[in-house]
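Read the structure below first, then the notes.
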Amino acid sequence: MPDVEVPRPSPLRALKTHLQLLRASTARSKWLGALCWLLAFGLLLAHALLQDLRQQRQAFHQATELLLQNSSHRLRGSELLQAEAADIAARALDDGQERIRALALTATRNQPQLYFIGYQPLVGQEQRADFEARLSQRLGKRYALLDYLHGQHNDWRDPAAWRPAPPRSRYLPLSMAEPGLGSTDWREMGLDLLNDSVLSSSINRALGHLQASSPTLRLRNGEFGIALFQTVYRIAPPSPVPMVRIEQAAGVVMQVLYLKPLLALPPSLAGRYSLQLLRRDGDAAPLRLAVERDSGRLARLLPRLSHRGALPSLPYDLVLERQLQFERLSAAELALCMLFALLPAYLLWMALSLLEYNRQAREQIQDDIFREREYASVALRGIGDAVISVDTRQIIQYLNPAAETLLGLPAAQALQRRLQQVAPLHYEFSRQPTQDPMEQAIASRQVVHLAQNCYLKRHSGEKLLVEGSVAPLLGRNGQLIGAVLTFRDTAPIRRRMLAALEASETRLRQHEMELARVARINTMGEMASGIAHEINQPLSAIMSYCQAGLSLLDDDEIDMAMLRRALTSSVNQADRAGRIIHRLREFVTRKNQQLAPVQLNQAVHNALSLLDYELQDHDIHIEQNFAPELPVVYADTIQLEQVVLNLARNAVEAMEHTRPWGRLNITTRKQGERVQLIISDNGSGIPADKLDRIFDPFFSTKPNGMGLGLAICQTAIEAFGGKLSAGNKPGSGAEFIIDLPCAARSMAVPSGVEA
């Protein structure tokens, strides 16, 4: 069929036809168009975001370089200031303190990081009193050398922690702090720096190595700072030996710097970066100097930038961090991305709609014509017989009136149901596994004829012997689209059926004889194990009598009467044991088991066929739930059928007084690599106190039972590598489960029997 062309008589008509085509497109086309739009929108949006993130990374690297440059520049200015103050202190000028004070006042104008600077001389014990008096006069208040007992923080805020400094060989008191910190209310004045727990290690390092820096300090205004120390020596140049150089020290120039101004970011970058100060040796916790603003949960999905740079001449590193954000994601950019993404999505949607419209129109017409022609042809070929057409899943699609008549089921109740539920095929007394003809025809794509012993179980329960075939149903491209089952009732052909019935009766009689013989064999085996103690008793008596006779022969005067009685008793006991064995040999002739692959469903059907009269006589309803495609088991067919027959008869006897009727349930199923047969009833069940003993030989719950039936069944099943267990169902009734291993895969064939 040619492709359908969309007419275009006018632009308005073309637009209307175009919209109808898009509206009638399949969900697949719409979803693909939407997916294309999402993909295009995602690509455009990702491009914009990548550009934004690239610019943010460049800005981060520029901010890092700017921070390090500014910090290095400010630190260099502080070092020059400290070097000038050290030079003034080294010359020991009379106006040295005034010069250092003027130098500090000048530095505060362009060095906002300066907290204070001052020269702190070393004072010996003999100079302490004079030094305290001189400083008290200069400051206008009492000046004394003090110690401070530090707590958790590196500050000097607790007034109760100050103590007078004890006598020491020398001190390094805090005596100068410019600009402006030498006021009368500044408590730190007089602190012995050389023995302070926070600063002593840094000062000792400066005395031996000229320069040093302190840990981070908590200053009086709550901000963090750091102290720089530079030693002034009495001798220039000082000794290269650190211990000697410490003795040559005259004092220390101490400069305390604010950390925030020293390491400050430009105002335009405030709130966008996090800044931390870390010691390289890891002795102290990181000090956070700046915190960025919260960027929201969405921004946390993006990576976080981090850079760690070293500060020159200080044992610290700067860690600058920034969270990438969606800065350029505005509503206008989103709208543009969505608009540009519509174009490829629309073109794809239109193309798919046209292709789908043409394909559906062409295939629908061709499939309808071919399917109608094929169904009509098959129906005409099988018009005289019952015809059932199924698809590849064996779901019934069509059946003719003849099939309705033979099945006893109207077409409305049979259509769209599985074939095995409507027309289950069974095989009478089949000893070998039989493959399902429907599955065989579908697999081989060839016509398969039904077996001669095949019968159909109608909806009413009546058995109907049938003959016929299964033919595969192929599509126009040769693909398999289903199969057709054709069968007929063989009742009109009396002569052929008579011969088949006679053969079936012969097989039935032979089957019953073999079942009876196997029952005797199994019964005798259990009886032999059960009465072994009876044979053991005469043997024990014989041994006792013979030992007594030997003892009499050892006497000097032999009592012939006693010896005769002992020998006579031994002969009697031997005769008793012989009679027991003779009866066992007469009861059965031993024969080896004939193990072969057995189809469990078929074996159950064979055994139940012998119970039809008993089931009807006791008004017992049977429910059969057979699993399809059940693997075969490796067992003796006759013994397996005998076990099923014994368990079913026990169930029938247990339901003798069940009202309104008894219900026998037979179920087969596959459990992993094993096959199970479950036989249950709705009788009185097994007493709970006797459930553990029902398989013991000579134990029975029946008034006149021998107690060997279940023991025989258990022995037979265990001989096949299986297991027989019993229990009670919830409510009422007993349940027996036969669990058998599956045969090798080379022996397993699909089941041809379903119920």
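The values are calculated or read from the model by the stated rules, or taken from the named source; none is laboratory data. Fair warning: this is a prediction, and the values are worked out from it, not measured in the lab. As a convention, Cβ positions derive from the backbone with ideal geometry for all residues, glycine included, and neighbour counts pool all protein chains shown.
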field: Subset of the stretch 116-140 [assigned to a loop (DSSP other than H, G, I, E, B) and surrounded by 12 or more Cβ atoms within 10 Å (Cβ to Cβ)]
entry: L122
statement: When every residue in the stretch 708-735 that is of a type in the set (S, T, N, Q) and either surrounded by fewer than 17 Cβ atoms within 10 Å (Cβ to Cβ) or under 17 Å from S680 (Cβ atoms) (or both) is compared, the one nearest to the chain's Cα centre (by Cα) is S725
message: Quick check on L39: is it part of a helix (DSSP H, G or I), at pLDDT 85 or above and under 30 Å from S313 (Cβ atoms)?
response: no
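Yes/no per residue for (1) assigned by TED's automatic domain parsing to the domain that holds L80; (2) under 25 Å from L80 (Cβ atoms); (3) outside any strand (DSSP E or B):
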| position | (1), (2), (3) |
| --- | --- |
| A212 | yes, yes, no |
| A227 | yes, yes, no |
| V232 | yes, yes, no |
| V253 | yes, yes, no |
| S268 | yes, no, yes |
| L278 | yes, no, no |
| D281 | yes, no, yes |
| L289 | yes, yes, no |
query: Does any residue of the stretch 635-649 turn out to be within 24 Å of F720 (Cβ to Cβ) and in a strand (DSSP E or B)?
result: yes
- prompt: Could you list, in sequence order, the residues of the stretch 658-684 that are out of contact with any helix residue (DSSP H, G or I) (no Cβ under 8 Å at 6 or more places or on another chain), under 29 Å from D617 (Cβ atoms), outside any strand (DSSP E or B) and in contact (Cβ under 8 Å) with a residue 12 or more places away in the chain?
  reply: T658, W661, N682
- prompt: Does the stretch 92-102 contain at least one residue that is modelled with pLDDT of 85 or more and hydrophobic (A, V, I, L, M, F, W, C)?
  reply: yes
field: Residues of the stretch 469-485 satisfying the condition of being at pLDDT below 85 and either surrounded by 14 or more Cβ atoms within 10 Å (Cβ to Cβ) or more than 48 Å from the chain's Cα centre (by Cα) (or both)
entry: none
- prompt: Got a sec? Which of A90, A107 is over 19 Å from L262 (Cα atoms), assigned by TED's automatic domain parsing to the domain that holds F224 and out of contact with any His (no Cβ under 8 Å at 6 or more places or on another chain)?
  reply: A90
task: Tell me, please, whether a residue that is within 30 Å of A212 (Cβ to Cβ) and part of a helix (DSSP H, G or I) can be found in the stretch 4-20.
output: no
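So that you can scan it fast, the table gives a plain yes or no per residue for (1) surrounded by fewer than 16 Cβ atoms within 10 Å (Cβ to Cβ); (2) without any contact (Cβ under 8 Å) to a residue 60 or more places away in the chain:
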| position | (1), (2) |
| --- | --- |
| L262 | no, no |
| A270 | yes, yes |
| R279 | no, no |
| D294 | yes, yes |
| A310 | yes, yes |
| P315 | yes, no |
| L318 | no, no |
Scope the stretch 606-621; condition in contact (Cβ under 8 Å) with a residue 40 or more places away in the chain, touching a Lys or Arg at 6+ places or on another chain (Cβ under 9 Å) and surrounded by fewer than 18 Cβ atoms within 10 Å (Cβ to Cβ); matching residues: H621
